[in-house]
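The values are calculated or read from the model by the stated rules, or taken from the named source; none is laboratory data. Here the structure is a predicted model, which is why all the values come from computation and not from measurement. Cβ atoms come from the backbone with ideal geometry, glycine included; neighbour counts cover every protein chain shown. The protein model used for the area step is the full one, side chains on, heavy atoms only, and it has no ligands, DNA or RNA in it. Shrake-Rupley method; radii C 1.70, N 1.55, O 1.52, S 1.80 Å.
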Amino acid sequence: MLSVNAELPVRSLAEFVSYAKANRGKLSYSSYQPGTPSHFLGYQLNEKFDLDLTHVPYRGSGLQTTALVAGHSQFGFAQVNTTVPQHQAGKLRILAITGPNRHKLVPDVPTFAELGYPEFTARVWFGLLLKKGTPADTIKRYTEAAKVAHADPEVRTKLEAQGFDVVAETGPQLLPNIKEQIARWGKLVERSGFSAEDRGSTR
């Protein structure tokens, strides 16, 4: 979610871009850690609109959100579970989301795709992975156990309360998306000049 400090005089992505261009070279964007989607989405925004932004990485979503609320960082791509409560409290303003669809917790916030920027569509997902070569019967047992857990109303309720979408995708559905995302992010990382050694510099 592209989130801005509530004091920033913008209420839409278009207003934000105009503001950032008018203040070119003066703004910084935060991420919850270098080398993450939060970092590279900010880089992509900077590249797309030629904004001359400074990247300020933090050590986790909580610290990033605290910095955004305090105004130490004017904006950034932040995670759902830390951003939405602050948006609802009026301390942050969510301008657009990178998911393929509007989020149920903030249905009034448009997606980047709706606004004409489908290249900013991205998901951060969590999944259960097994080592290549794991016996098929073992894979089947893990998969079935995961399906049962995701179908449990109590489990779903707890995850959804934290902002997660419980899609319960399995290998056949998830693998093509993983390959697509590897190609997409690989190109973006290469353009940014980022390397694994750069992960050490955070706030």
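The figures follow:
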item: Accessible area of segment 64-179 belonging to carbon and sulfur atoms, whole % at 1.4 Å probe; result: 58
item: Highest average packing first - 87-96, 39-48, 174-183, Cβ atoms within 10 Å; result: 39-48, 87-96, 174-183
item: Karplus-derived HN-Hα couplings along segment 13-24 (A = 6.51, B = -1.76, C = 1.60, θ = phi - 60°), whole Hz, x at Gly and Pro; result: 4, 4, 5, 4, 4, 4, 5, 5, 5, 6, 10, 4
item: Nearest-20 debye value, segment 1-82 charge dipole, Cβ charges on Lys, Arg, Asp, Glu; result: 40
item: Alpha-carbon centroid distance for the pair segment 112-126 / segment 1-53, whole angstrom; result: 15
item: Theoretical FRET efficiency, 1/(1+(r/R0)^6), r = Cβ-Cβ of ALA136 and LYS48, R0 30 Å, to 0.05; result: 0.10
item: Dipole of segment 50-203, positive direction: furthest Cα of PRO107, LEU92, TYR142, with charges on the beta-carbon; result: TYR142
item: Average Cα contact separation per residue, segment 32-142, under 8 Å, 6 or more apart, as relative contact order %; result: 17
item: Distribution of pairwise C-alpha distances over the chain, 5 Å bins, in %; result: 1, 7, 14, 18, 19, 16, 11, 7, 4, 2, 1, 0
item: Euclidean distance of C-alpha centroids, segment 151-189 and segment 54-73, integer Å; result: 25
item: 1.4 Å probe accessible area per residue over the chain, in Å²; result: 57
item: Residues whose placed amide H lies under 5 Å from that of ALA96, excluding near-sequence neighbours; result: LEU2
item: Contour excess over end-to-end distance, with Cα ends at PHE164 and ARG24 and 0.36 nm allotted per residue; result: 46.9 nm
item: Members of LYS91/LYS187; LYS91/LYS179; LYS104/LYS147; LYS48/LYS158 lying beyond 32 Å, as alpha-carbon distances in this model show; result: LYS91/LYS187; LYS91/LYS179; LYS48/LYS158
item: Total formal charge among the other residues, if their Cβ is under 12 angstrom from that of ILE139, Lys/Arg +1 and Asp/Glu -1; result: +2
item: Normalised contact order of the chain, rounded percent, pairs of Cα under 8 Å and 6 or more residues apart; result: 24
item: Proximal charge balance of LEU13 [Cβ under 15 Å; K/R count +1, D/E count -1]; result: +1
item: Cβ-placed point charges (K, R +1; D, E -1), dipole of the chain about Cα centre in debye, nearest 20; result: 220
item: Anisotropy class of segment 23-126 from Cα gyration tensor, a/c 1.5 cut; result: rounded
item: Helix-only mean residue ellipticity at 222 nm for the chain, each DSSP H run of n ≥ 4 adding -39500 (n - 2.57), per residue, nearest 500; result: -14000 deg cm²/dmol
item: Extension gain from GLU119 to THR66, taking 0.36 nm per residue of separation minus the Cα-Cα distance; result: 16.3 nm
item: Label point distance in nm, GLU180-ASP152, each placed 7 Å from Cα along Cα→Cβ; result: 3.1
item: Integer Hz, Karplus 6.51/-1.76/1.60 couplings in order for segment 67-76, x for Gly and Pro; result: 5, 5, 5, 6, x, 5, 10, 6, 7, x
item: Karplus 3J(HN,Hα) series, Hz, for segment 26-34 with 6.51 cos²θ - 1.76 cosθ + 1.60 (x for Gly, Pro); result: 10, 9, 10, 10, 9, 9, 7, 3, x
